[in-house]
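The values are calculated or read from the model by the stated rules, or taken from the named source; none is laboratory data. Fair warning: this is a prediction, and the values are worked out from it, not measured in the lab. Here the Cβ positions follow ideal geometry from the backbone for every residue, glycine too, while neighbour counts run over all protein chains shown. Ligands, DNA and RNA are excluded from the accessible area calculation, which covers all protein heavy atoms including side chains. Shrake-Rupley method; radii C 1.70, N 1.55, O 1.52, S 1.80 Å.
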Amino acid sequence: MSDSTPPPPGPNDEGSAFRKQFQQLNERLSSLASTLARVREVKLDRAQLAKIGKFTGIGAAVAMALPLILEPLLSDYIKRQLMSGLRDNYTKTASTIYFRDGNTTVARALVDKAIEVDPRDAEARYLRAYLDGMDSVYQLLNLERTLTAGEQDDAHRALAGAEFLINSHEDDPRGYLLRGQAFMALERYEEAFEALARARDLAAEQGKMAIQALALWRLGVTRLERASGGSDGLPEDRLEMAADPFQAAMLELSRSVASFKLADTGSREAEAGKWPRLWRGIALRNEKWDLDGAIAEFDLALEEDPNFALAEFTRGEAYWAKWISADRTRVPPKTVAEWQQTAIDAFERARELDPGLARPYFGLGLMFGSDIKYAVAKRYFDKALERNPRYLRARQFRGRTLHNMGAFEDAIKDFDAAIALEPSEASLFVYRARSEIAQNNLVQARTDLQQARALGGGDRFFQLTEAELSLALGLPERAISQVEAARAKARAAGTARDFAEAFEVEARAHYARGRIEAALDAMNAAVARSTYRPERFLLARGCLLYDLDLTANALTDFSMALLHEPEYGPAAYGELQTLRRLGLTPEAPRLAGGKAARNAYWRLNDPYASLCGFAAAPA
């Protein structure tokens, strides 16, 4: 037994004696209530009551008056017992709904019912204040972006509520749990860890397993968030020294799952183990790129609760990542197609489970955008933003989709809105710069790239966009040096093989300087290194060959691009123009009557068609 746990009261303990007397009194009152109920049921007349009085020795007069004396008292007692049971049922159900489902709206409504039953009930009022704070921090913790000034105020209000709860009930772990999560929302992770550890320890001492499980879950998440910010661990850690923050976090999340199972009292609290399961999967995906391990955790979360929409969504994201990152030269096409369809099915299932949730629509937009079905992707991103206009990822990816569709002005508007939501995200300035370059707004593009650099956004795509700007400014030599720096970043990150985009930009830079052989070598390298959407680089090389009057070779590349992606409009248009130049009329042109033939974007704005002679002057 822990030193901090007091021994159970002995037989001579005053508290024990008082509890015994109270229990005896309660039993007597319950017996009297039962007797009164029987008296009411039998409806004894005055003569029968007189006999009872004579038989018991209390006298006939007293016996006949007994119902009149006891009924008001016992009726009030029965009413209080019934109301107490109803109140306790409301508060217990509210706690279950919150801890298992994270639904503060329904939980608060149930607590309000408990307060209606007994306005003086201190526990119900405490729980209501706790849920008010938790409702606020739950929303803040799911934003996936930096808090606005108003949202920071909300987090501080929740923190003030936590301090009030702690001051009123110093040993109740819920106040510390709220305090820790408010600090999490404010990204003050050391303070969050300290508060959550206190909640965990108090809950363990008091046998409150659901609260202990919730504290362990948040401790694991806090450790992951803090570690991803560059920390080597947190100073206060009574579980282990956290030499490996990732492993320490995974251990806490596992303990959380186990604690939720121990908390199960028949109201399915064990299902709440789905939350730490979800976070174990997210951690494996984000920190270790262990997609199979992540999927296994998401599957376990769905075993806990088959209707868990967020688990379906994150499972879909993991399969999307497998599909998008698959090395097509090694993974069988059938397997790649299965991953793609599994991701779509997971997003669709999540949408069915929670039609009001924005994330499944974002996931479907991600799938179709990655499959160059940009118009379909945009419709799904629109639906995601209808449900949550402040959904940063949906705003960002819709902007990227609009850029790929050639709708550069609309793309810039989306990036403007995204930057307003997250002004410290360097990549948003890089994406906006790309659209500004396409619009020939080179001064604004340069300003955006300077801002991205100031925010630490000097990654390989940042430098590649700098190279694009240099090309637009007529500085191909500078562009080549920037491409080389981008490739060095890719080599350092271990992703050099897949960085085909850098070779394509280099090819255009050499071509601008009239170095034809160097341009062809770079374009060949782009085609050879591409594992994701190789049709883009076959199109680019085909355009280079077309511009060099190597028409038959260009036709081969356009046709190969269409083998990889039969609906790739730019390649289909290139094939048609090449056949015309060769004096050939296909029996059934791929673009005859098709949308791509009527869409000027496919001819003018595809970035990989920029070297095609027909790109500037379509037939």
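At a 1.4 Å probe, what is the % contribution of carbon and sulfur to the accessible area of region 294-352? Carbon with sulfur: 50 percent of the solvent-accessible area. Computed packing ranks the peptides 556-566, 313-323 as 313-323, 556-566, most packed first, by mean other Cβ atoms within 10 Å. Using the Cβ-Cβ distance between Ala160 and Ala109 with R0 set to 25 Å, the FRET efficiency works out to roughly 0.60.
Site pair Thr447 and Gln152 shows an inter-label distance of 2.4 nm when each label is modelled 7 Å from Cα along Cα→Cβ.
The phi torsions of region 140-152, fed into the Karplus equation with coefficients 6.51, -1.76 and 1.60 and a -60° offset, translate into couplings of 5, 6, 10, 7, 6, 7, 5, 6, 6, 4, x, 5, 5 Hz, rounded to whole numbers, with Gly and Pro shown as x. Couplings 3J(HN,Hα) for region 554-571, derived from phi with the Karplus relation 6.51 cos²θ - 1.76 cosθ + 1.60 (θ = phi - 60°), are 4, 4, 4, 5, 4, 5, 5, 4, 6, 5, 6, 9, x, 9, 6, x, x, 5 Hz, where x marks Gly and Pro. Taken per residue, the accessible surface of region 360-495 reaches 43 Å², heavy atoms only and a 1.4 Å probe.
Using a 1.4 Å probe over the heavy atoms of the protein chains, calculate the carbon and sulfur portion of the accessible area of region 174-214 as a whole percent. The C+S portion of the solvent-accessible surface of region 174-214 is 41 percent. Separation of the alpha carbons by more than 24 angstrom is noted, of Lys274/Lys383; Lys373/Lys413; Lys288/Lys334, for Lys274/Lys383; Lys288/Lys334.
Each peptide in 163-169, 109-115, 295-301 was scored by the mean count of other Cβ atoms within 10 Å over its residues; highest first, the order is 295-301, 109-115, 163-169.
If you look at the Cα atoms of region 109-190, you get an Rg and a Dmax of 13.5, 41 Å. Residue order by solvent-accessible surface for Phe347, Phe368 is Phe368, Phe347, largest first, with ligands and nucleic acids left out and a 1.4 Å probe.
Per-residue surface analysis assigns Arg359 an accessible area of about 40 Å², computed on protein heavy atoms at 1.4 Å probe radius. Per-residue Karplus couplings for region 276-289, computed as 6.51 cos²θ - 1.76 cosθ + 1.60 with θ equal to phi - 60°, are listed in order as x, 4, 4, 6, 4, x, 4, 5, 4, 6, 7, 8, 10, 6 Hz, Gly and Pro entered as x.
Cα gyration tensor of region 243-363, axes a ≥ b ≥ c as square roots of the eigenvalues: rounded (a/c below 1.5), prolate (a/b > b/c) or oblate? Note, shape of region 243-363 comes out oblate.
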